[in-house]
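As structure tokens, the structure follows; a few thoughts come after it.
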Amino acid sequence: MVKNINMRIVLVLVSSAFLFSCGKSNMCESEGMAYVMSQKYVKNNLKSPSSAKFPHSPTSSNYIGSCTHVVTGSFEASNSFGAMMRSTYKVTMKYNEQNKTWSGSDLTID
């Protein structure tokens, strides 16, 4: 229990430091944030989003210009039968500097 709480505190501190270190100019080109936001986008497209587990880093994250990234990664999640399955995904993530929001498109899951 204490270990779990300590881990959450460390995660919050690291996440906060990461977010505050990304200024307006850095957010657009941040491959790390593109990966984090790609996880949220993928989760929103799963049948069992709460079961999804992602590794700490993507397979690849490529900045292609105009605040756009192509992120490839893997995850484990429950399928329709409740079995955990490993899958890979590829998604295009775009950061909108005016709204300060991320959006995803062209998601493929294998």
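Can you give the charge dipole size of segment 20-110 about its Cα centre, rounded to the nearest 20 debye, using +1 on the beta carbon of Lys and Arg and -1 on the beta carbon of Asp and Glu?
Dipole size: approximately 240 debye.
Using a simple spin-label model with points 7 Å from Cα along the Cα→Cβ vector, what separation in nm is obtained for Met27 and Thr59?
That separation, rounded to one decimal, is 2.9 nm.
More than 16 Å apart: what percent of Cα pairs in segment 60-106 qualify?
Values: 553 of 1081 pairs.
So the pairs more than 16 Å apart make up 51 percent of the total in segment 60-106.
What is the diffusion coefficient of segment 27-101 in µm²/s, taking the Kirkwood radius over Cα pairs and the Stokes-Einstein relation at 25 °C with a viscosity of 0.890 mPa s?
The diffusion coefficient I find is 191 µm²/s.
Read-outs: derived from the displayed coordinates by stated rules, not from any lab. Values in this document were obtained by computation on a predicted structure and should not be read as measured data. Here the Cβ is made from the backbone with ideal geometry for all residues, glycine too, and neighbour counts use every protein chain on show.
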